[in-house]
1. Within segment 206-227, does at least one residue satisfy the condition of being within 16 Å of the ligand (Cβ to nearest atom) and either buried (at least 19 other Cβ atoms within 10 Å of the Cβ) or charged (D, E, K, R) (or both)?
2. Counting only residues that are in a loop (DSSP other than H, G, I, E, B) and open to solvent by 30 Å² or more (accessible area, probe 1.4 Å), which one in segment 168-204 is nearest to the ligand (Cβ to nearest atom)?
3. Kindly indicate which of I262, I311, I355 is over 30 Å from C27 (Cβ atoms), touching a residue at least 40 places away in the same chain (Cβ under 8 Å) and surrounded by 18 or more Cβ atoms within 10 Å (Cβ to Cβ).
4. Determine which member of the set Y28, Y62 is open to solvent by 20 Å² or more (accessible area, probe 1.4 Å), within 25 Å of M182 (Cβ to Cβ) and in a helix (DSSP H, G or I).
5. Among L55, L44, which is the only one that is surrounded by fewer than 21 Cβ atoms within 10 Å (Cβ to Cβ) and away from the ligand (no atom under 16 Å from the Cβ)?
6. Being within 16 Å of the ligand (Cβ to nearest atom) and among the hydroxyl-bearing types (S, T, Y) is the filter here; which residues of segment 5-24 pass it?
7. Checking the conditions here, which among A234, A170, A229 is within 24 Å of the chain's Cα centre (by Cα) and at pLDDT 95 or above?
8. Applying the selection to segment 228-255, what residues are open to solvent by less than 40 Å² (accessible area, probe 1.4 Å) and within 10 Å of the ligand (Cβ to nearest atom)?
Amino acid sequence: MKKIVISTGGGDAPGLNAVIYAVVHACYRRGWEVYGSRSGYAGLLDSDELQRLTLADVDGIYAIGGTILGSTNKGDPFATPVENLAGEVQVVDVSDKIIRNFQRMGFDAHIAIGGDGSLAIAQRFFEKGMPVIGVPKTIDNDLEATDRTFGFDTAVSTATEALDKLHSTAKSHDRVMVVEVMGRDSGWIALYSGISGGADAIFLPEIPFDIECICNKISDNELHGKDYAIVVVAEGARSSDGEVMNKGRGELGREEVILGGIGEWVAQQIRERTGKDTRSLVLGHLQRGGSPTTFDRLLALRFGAAAVRLIEEGVQGHMVALSAGHMVSVPLADAIKSRKKVDLNSDKVLAAREIGICLGD
Ligand code: F6P
């Protein structure tokens, strides 16, 4: 009999509930108990935020986006900013308290579902003695140690569907439509959706772009009787002489800046340089919402089941990962070392170039 606690941290991604579903079912089969910690680690600080998860609680949730446990991307237990009554911000470390509660509540293992930030926190808890198994999540697909994270396929499908819809309106008005997509400093969502959605140009964080490239492409389109264009810009892209654009940090305790603004900047440049009617839109959190695709569901269910198998085998401090179609486990310490970037020599980048998509260089 084991007692497991599961948490979801960082930005949500379609498939989180599918992991929870698989963990609860796989534990039930073994006669183990599962508890969910709300909003990341809140359940290990306050028992009101801890929920016993039964088969009834997870009925049908594999098909639903978001997370039944809630999530946060501003909660680092090792450095939690707290505002006192005088309005001063103090940074406190509550990790010891979490470890004590984990032991006092009799947990045997923690399944931490998260992106690189949450998994880095999970690794620090592992180093403090908590038996942890990580599950890789992020729509950005930027974790090096796994071929795929769940959430990415759904985000790409949403972005591709949006591009499909924009074609008809762009064409009707002879317009350029610039679409800003998520992905932080990796261009996976932009590349996959841009190729699949018939973009004329895709600007990735991995290739600083020359704005003249898309202006030339628009002129070239016109020579061939195409008077509209679709441009996909990753939120982390930048021009060859510019900076990555952001909107500051937003909330107290937030680790990363909020990226955004480059799509509108590109649209303005195109408007000024070509005189074309140009509009921009930001797909934003639409890409994080909705029901997970079949691919993401299956991947998330496999990750959840594999995480429970690892606990049964006595493995600790590892992350489940997808490698060449198989479930494997990698040390968490390796998984969080670096972010996965688009390989500029990959066949997808070559295919984009072959079919005439301008990549900004
Ligand atoms: O990491 C996932 C992600 O959706 C990024 O693509 C994006 O930059 C960021 O999270 C947005 O975070 P928030 O939900 O805090 O606005």
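1. yes
2. The extreme case among them is R184.
3. Matching residue, one of I262, I311, I355: I262.
4. Testing whether each residue is open to solvent by 20 Å² or more (accessible area, probe 1.4 Å), within 25 Å of M182 (Cβ to Cβ) and in a helix (DSSP H, G or I) leaves just Y62.
5. When all the criteria are applied, what remains is L55.
6. Within segment 5-24, just T8 meets the criteria.
7. Testing whether each residue is within 24 Å of the chain's Cα centre (by Cα) and at pLDDT 95 or above leaves just A234.
8. Within segment 228-255, A234, E235, G236 meet the criteria.
The values are calculated or read from the model by the stated rules, or taken from the named source; none is laboratory data. These numbers were taken from a predicted model, which means no experiment stands behind them. Here the Cβ is made from the backbone with ideal geometry for all residues, glycine too, and neighbour counts use every protein chain on show. Keep in mind that these areas ignore ligands, DNA and RNA; they rest on the heavy atoms of the full protein, side chains included. Shrake-Rupley method; radii C 1.70, N 1.55, O 1.52, S 1.80 Å.
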